[in-house]
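Report on one structure; see the data block that follows.
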Amino acid sequence: MNAPLFASPRDEYARRMTRVLNYIDAHLDQPLELAQLADVANFSRFHFHRIFHAWMGETLGDYLRRRRLEKAAFRLSCGPVETVLETALATGFGSGEAFARAFKAKFGRTPSEWRRDTPRRLAAQALGHHSNPDQLLGNPDQAGQPPMRDDDVSNNMTGNLTMEVVITDLPAVRVAYFRHIGPYGPGITSFWRTVVAPWMQSRGLEAPLCIGIGYDDPSMTPADKCRYDACVALPEDFTDTGAADIATLPGGRYARAAFTGEPAGIADAWTWMTRNWLPSSGLQCDDRPCLEIFRPETAVDPETGAMRCDLCIPVRPL
């Protein structure tokens, strides 16, 4: 039997920083003070700003502002139910005016324009233009970039892709997880293979339920700051987590669709669910994260190399 792997000092730093990042995301609608966050991370209040900047590559203030605006952009993309002022207050802004100024400074559009342009922005993502969605959105400030028509969006976005979507209630699940910060794509596969799989093997977890959670939209968040949690469901009495953190995913109602195909096609599958299926479903997404659920032994078809997983969008009534 392999010797247990214990957390290194760097693992402990990562655990504490993940704890404070999770706390921030859960309290974006509230004032967040440096001293309060230092206590959450169990770091010195005097040095926490420097530690945070060194670890994250941005100041605490810049991180809070970015996350509030990204969360607001996500809420605006989910539908017209919430007013712009309600979105502003729900993400920690004191007034609609301050929110509108900050939002336009970051995204180049007013909150209302961002909501209106959601279908075209999703099309831009499906066609691989994450770095410059204005190429497809028809930014009037860019000469020679005619606006994309709605029928162009529908025709170009996901081709003939269709999936069967079912509404299901997922149970809460206790997981061990490792956080990856960086671009989505091949780096995530490598992270599972080089970090998570050896940990699973050392703990005797041969065929657990695995869940991937991508928290950020690459069209809004810089690629090097995108967050992803690689989660492994745990037996009830499991305690030897070593370098992994522990959390309980809340469960609840999800729209669930089985995906089979090339790994590069999973972005189109997410876009199809959000752009094509969701608006006609009578449902809207809520604030819980989307999930990719799989088991290691069936995640890849050995003959074709196709990826198999379930895509799950958290939903509530429109």
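The values are calculated or read from the model by the stated rules, or taken from the named source; none is laboratory data. As the structure is a prediction and not an experimental result, all values here were calculated from the model. Heads up, the Cβs are rebuilt from the backbone with ideal geometry, glycines too, and the neighbour counts pull from every protein chain shown. Surface accessibility is based on the protein's heavy atoms, side chains included, excluding ligands, DNA and RNA. Shrake-Rupley method; radii C 1.70, N 1.55, O 1.52, S 1.80 Å.
Provide the per residue accessible area, probe 1.4 Å, for region 1-110, rounded to a whole number of square angstrom. Mind dumping the intermediate values first?
Values: 5930 Å² over 110 residues.
Value for region 1-110: 54 Å² per residue.
At a 1.4 Å probe radius, carbon and sulfur cover how many percent of the accessible area of region 191-318? Before the final figure, lay out the partial values.
Details: 3120 of 5820 Å².
Ligands and nucleic acids excluded, carbon and sulfur give 54 percent.
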Ala247 versus Ala264: modelled label distance in nm, points set 7 Å from Cα along the beta carbon direction: 3.0
Accessible surface of region 44-127 [probe 1.4 Å, protein heavy atoms]: carbon and sulfur percent: 57
Whole-Å distance, taken between Cα centres, linking region 208-237 and region 46-102: 20
Furthest towards positive pole of dipole, Met220, Gly265, Ala233, structure part region 195-315, Cβ charges: Met220
